[in-house]
1. With the structure loaded, tell me whether Q62 is surrounded by 21 or more Cβ atoms within 10 Å (Cβ to Cβ), closer than 26 Å to T44 by Cβ and of a type in the set (S, T, N, Q) or whether it fails that test.
2. Quick check, is K118 at pLDDT 95 or above, in a helix (DSSP H, G or I), surrounded by fewer than 20 Cβ atoms within 10 Å (Cβ to Cβ) and of a type in the set (K, R)?
3. Identify, please: which residue in the range 104-115 is among the polar types (S, T, N, Q) and exposed (fewer than 14 other Cβ atoms within 10 Å of the Cβ) and is, among those, nearest to the chain's Cα centre (by Cα)?
4. Considering each residue of the range 11-56, count those that are part of a loop (DSSP other than H, G, I, E, B) and surrounded by 16 or more Cβ atoms within 10 Å (Cβ to Cβ), and give that number.
5. Just one of I143, I69, I89 is surrounded by fewer than 20 Cβ atoms within 10 Å (Cβ to Cβ), in contact (Cβ under 8 Å) with a residue 24 or more places away in the chain and either out of contact with any helix residue (DSSP H, G or I) (no Cβ under 8 Å at 6 or more places or on another chain) or farther than 16 Å from W26 by Cα (or both); which is it?
6. Only one of (1) in contact with a helix residue (DSSP H, G or I) (Cβ under 6 Å, 6 or more places away or on another chain); (2) not in a helix (DSSP H, G or I) fails for M78. Which number is that?
7. Answer yes or no: is there a residue in the range 2-10 that is at pLDDT 95 or above, in a helix (DSSP H, G or I) and closer than 17 Å to L107 by Cα.
8. For residues that are closer than 19 Å to I84 by Cβ and of a type in the set (D, E, K, R), tally how many sit in the range 11-36.
Amino acid sequence: MVSVEVNKEYGYVVVDLVLYAFLNMWMSIQVGEARKKYKVPYPTLYATESDNKDAKLFNCVQRGHQNSIEYMPVFFVMLLVGGIQHPRIAAGLGALYIISRFFYFKLYSTGNPQNRLKPVGVSFLSLFGLIICAASFGVNLLIRDWL
């Protein structure tokens, strides 16, 4: 049996989760506004260029949000697990990830998909750092009885 004690600095990790929830809601609103602006009705997920001259513009907004949703489970789990042992590091990496995701979305939403590549390296580096934090916690749980 393993008991986990969470210190007060884990609060920073929780704040990151809340911030990302707000970012996700904001991105959802942006997609909704783009639906109105570019006339893409529900339940259409992506516009087609044969039906809509602004398909690429809408699809860039939609993909920016969709890609962020695709990575959200990995981000949340790595942040929560890695933050148990490394709350400050995980919270810092989480904040960096959130900021890079904001810029990823904003730049992708310009209608030029290449723009999204500018901040994507930062988001992947911060996510990789969170994976290392989570792995460190797991390894430390496993080896603590060996020492």
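1. yes
2. For K118, the condition - at pLDDT 95 or above, in a helix (DSSP H, G or I), surrounded by fewer than 20 Cβ atoms within 10 Å (Cβ to Cβ) and of a type in the set (K, R) - is not met.
3. Start the filter on the range 104-115 by keeping residues that are among the polar types (S, T, N, Q), which leaves 109-110, 112, 114-115.
Right, trim to exposed (fewer than 14 other Cβ atoms within 10 Å of the Cβ) and you get 112, 114.
On the way: N112: 20, Q114: 19 Å.
This residue is Q114.
4. Here is the first cut: in the range 11-56, the ones part of a loop (DSSP other than H, G, I, E, B) are 39-54.
So of that shortlist, the ones also surrounded by 16 or more Cβ atoms within 10 Å (Cβ to Cβ) come out as 40, 47, 52.
Result for the range 11-56: 3.
5. From the options I143, I69, I89, the qualifying one is I89.
6. Of the numbered conditions (1) in contact with a helix residue (DSSP H, G or I) (Cβ under 6 Å, 6 or more places away or on another chain); (2) not in a helix (DSSP H, G or I), the odd one out for M78 is (2).
7. no
8. Number satisfying all stated conditions: 1.
The values are calculated or read from the model by the stated rules, or taken from the named source; none is laboratory data. Because the structure is predicted, anything quoted here is derived from the model rather than measured. Note that we place each Cβ from the backbone using ideal geometry, even for glycine, and neighbour counts take in every protein chain shown.
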